[in-house]
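> My structure is below; once you've seen it, I'll send some questions.
The values are calculated or read from the model by the stated rules, or taken from the named source; none is laboratory data. None of these values were measured; they are calculated from a predicted model. All Cβ positions, glycine included, derive from the backbone under ideal geometry; neighbour counts span all protein chains shown.
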Amino acid sequence: MALIAINLLPLSLAHAQSDPIYDQGEALYINPGRGGCGQCHGVSGNEPVMPLYPKIGGQSEQYLYNQMIDYREKRRKNGLYIPMEVAMQPFNDEEIRAMAVYLAKQRVF
Ligand code: HEC
């Protein structure tokens, strides 16, 4: 069992580094000029600039994807939704998927 864990760890790290969708999601997420995600949520998604802002790194990919689509489509109207509705407008479904992949792989807070 221990042997399996040791063998799988470098494989999963290598996968995270060479996944083009992950790389695309990271680039989109940290780009300050479009969406500005990292400026509010932090690079890992878990260092929000205000305690009121949610930590989103390590959340499940499908949940993140659904929330981002809902904000973009103006279906999610709770709490502090306005900055998120604005932030999601420039992104298509594929770009939102890539950001969800990037965020889901961040360290859980
Ligand atoms: C101006 C600050 C700001 C910016 C820029 C911003 N966010 Fe947010 N984000 C928030 C706030 C505040 C919330 C909570 C909104 C609410 O109450 O519904 C939130 C919520 C979210 C959620 C839902 C979290 C949950 O637990 O349901 C996701 C996912 C998310 N943001 C991702 C992003 C991504 C990706 C970007 C860039 C495209 C981005 N955010 C840009 C402030 C921001």
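> For the stretch 54-93, what are the residues that are under 16 Å from residue 105 (Cα atoms) and touching a Gly at 6+ places or on another chain (Cβ under 7 Å)?
Passing the criteria: 55, 56, 57.
> I'd like the full set of residues that are surrounded by 15 or more Cβ atoms within 10 Å (Cβ to Cβ) and either in contact with a His (Cβ under 6 Å, 6 or more places away or on another chain) or hydroxyl-bearing (Ser, Thr, Tyr) (or both), limited to the stretch 54-80.
Residues satisfying the conditions are 56, 65, 71.
> Just checking: which of the helices (runs of 4 or more DSSP H) contained wholly in the chain hold 3 or more residues that are among the hydrophobic types (A, V, I, L, M, F, W, C), away from the ligand (no atom under 12 Å from the Cβ) and at pLDDT below 95? Before you say what the answer is, go through the steps one by one.
Values: elements: 2-18, 20-30, 37-41, 61-72, 81-88, 93-104.
Per the criteria, 2-18.
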